1. Using modelled backbone amide H atoms (1.01 Å from N, in-plane), which distant-in-sequence or interchain residues come within less than 5 Å of Val145's amide H?
2. Report the full-extension gain for the segment Lys127 to Gln227: residue separation times 0.36 nm, less the Cα-Cα distance, to one decimal in nm.
3. According to a simple spin-label model (label point 7 Å from Cα along Cα-to-Cβ), what is the distance in nm between Asp94 and Asn240?
4. What's log10 of I(q)/I(0) for region 126-233 at q = 0.10, 0.11, 0.19 Å⁻¹, Debye sum over Cα points only, no solvent?
5. Which Cys in the chain stand alone, with every other cysteine's Cβ at 4.7 Å or more from theirs?
6. Give me the number: length gained by fully extending Asn67 to Thr271, i.e. 0.36 nm times residue separation minus the C-alpha to C-alpha distance, one decimal in nm.
7. Net charge within 14 Å of Leu251 by Cβ-Cβ distance, Lys/Arg positive one each and Asp/Glu negative one each, not counting Leu251 itself?
8. In deg cm²/dmol, rounded to 500, what helix-only [θ] at 222 nm does the chain give when every DSSP H run of at least 4 residues adds -39500 (n - 2.57) and the total is split over its residues?
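All of the numbers you see were taken from the coordinates with simple rules; none came from a lab. For clarity, every value in this text was computed on a predicted model and none was experimentally measured. Please note: Cβ atoms are built from the backbone with ideal geometry, for glycine as well, and neighbour counts cover all protein chains shown.
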Amino acid sequence: MTEPFESVLLNPPKEVDIVAIERELSALWKKAAEPAAADQATPVVRACSLNLIVVSRDRQELDSLGNIIGDVTLEHPARTFLIATDRTGSSTLDSWISARCSLPVAGGKQVCCEQINLVAGGNEIAKVTSIVTSLLVPDVPSVLVWRDTVRPNDQLFSSLSRVMDRVVMDSALERDPEKALRIWEKNIRESEGRASFGDLGWTHLTSMRNMLAHVFQPREMRPHLLQIDSLSITYSSSANPFHSGLSQAMLLVGWLAQRMRWRPIHQLRRTDATMTAKLRFDEIAINVRLIEGSLVGHSGGLIGVNLHTTSGMEISLAATGSSHCVMCTVSDGKMNQEEMLTTGEDLSDSLLLGRELEVMQRDNLYEDVLRTLLPLLGENQG
């Protein structure tokens, strides 16, 4: 038996001419609205609360992206554009349309929204923005999810982002996160507030930031914040698909530095699987280490955070590898130790993206963290 609220394609994607997309969409809905049998009720209800544009670097990713977006549209029905680019290939431009629907409970209505797939290569990539803008549903927000490589002076990104209300990337997909974060901060500045910007890597940090804030919430713990002299963050990466926690580790450093007013002494430097930096607060030097580790079951993310203070206190957060639990250990350096097991969030790709779609306004904290982080990153200016 099919579970309620599962997302499926109403029919196989149909290849169509670019100039006929709107006409073919109308025909698709007309056919979908016709009962398949005399005793069958009207099968679908069309819904759209936003335009969702997803740009991928790989045509092979479109099927898996379709499944992720299908889950997202259960809560956020949208006219969805799934776009794959081949920047080094021949000039090609192909399109397919379909409808993605939530399977209803018995007697319920089948709510559907549109999915438009575009595959562009070579010089034809320049046409993508005009195609998308001509097909945007009016009077609803438009969101760009950028899963292609973050590049400086990217014409496709620039032209699409100018007509968006929100623009989101996932820095965990970047093999050079230092460069990507620099470019992203520049994109934010140059947008001059036309769109709000986000990063799924930053969204992933929400529960970890909440846990750290909870540790220092008691009044007696707050003075120790001003005594931190060491910060170590361990992260994991996966190869296929590539997904790394390095950008999350960097953003967590930026968050602590922004909130605690830490100032850089030495930029992040890489030695094998470790990156180190040095910051300061008043007369205290804070040694920072980002360490690439591994944890079974992790596809790429943070797996541990350790803070040490000049008074000998140590605070550790460590993923357990099961049930998405985090073990928090607080030691005062005098043989007194407290342990707490906290259940973290199991954020799938669809849940993470869905959370981003719930917020359209600018995230001032995220932007401040990026600006604070830049002096710690490498010399590449993007």
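1. For Val145, the qualifying residues are Ile53, Val54, Val55, Val168.
2. On the way: separation 100, 0.36 × 100 = 36.00 nm, distance 5.52 nm.
Net length gain for the segment: 30.5 nm.
3. Between Asn240 and Asp94, the label points sit 2.3 nm apart.
4. Listed by q, the Debye log ratios stand at -0.43, -0.50, -1.00.
5. Result for the chain is Cys48, Cys113, Cys325, Cys328, no neighbouring Cys Cβ within the cutoff.
6. Numbers: separation 204, 0.36 × 204 = 73.44 nm, distance 3.88 nm.
Roughly 69.6 nm would be gained on extension.
7. Values: positive: Arg182, Arg209, Arg259, Arg371; negative: Asp170, Glu174, Glu178, Glu185, Asp199, Asp363, Glu367, Asp368.
Spelling it out: positives minus negatives among the neighbours equals -4.
8. Working: 11 runs with 109 residues, N = 382.
Here the helix-only value at 222 nm equals -8500 deg cm²/dmol.
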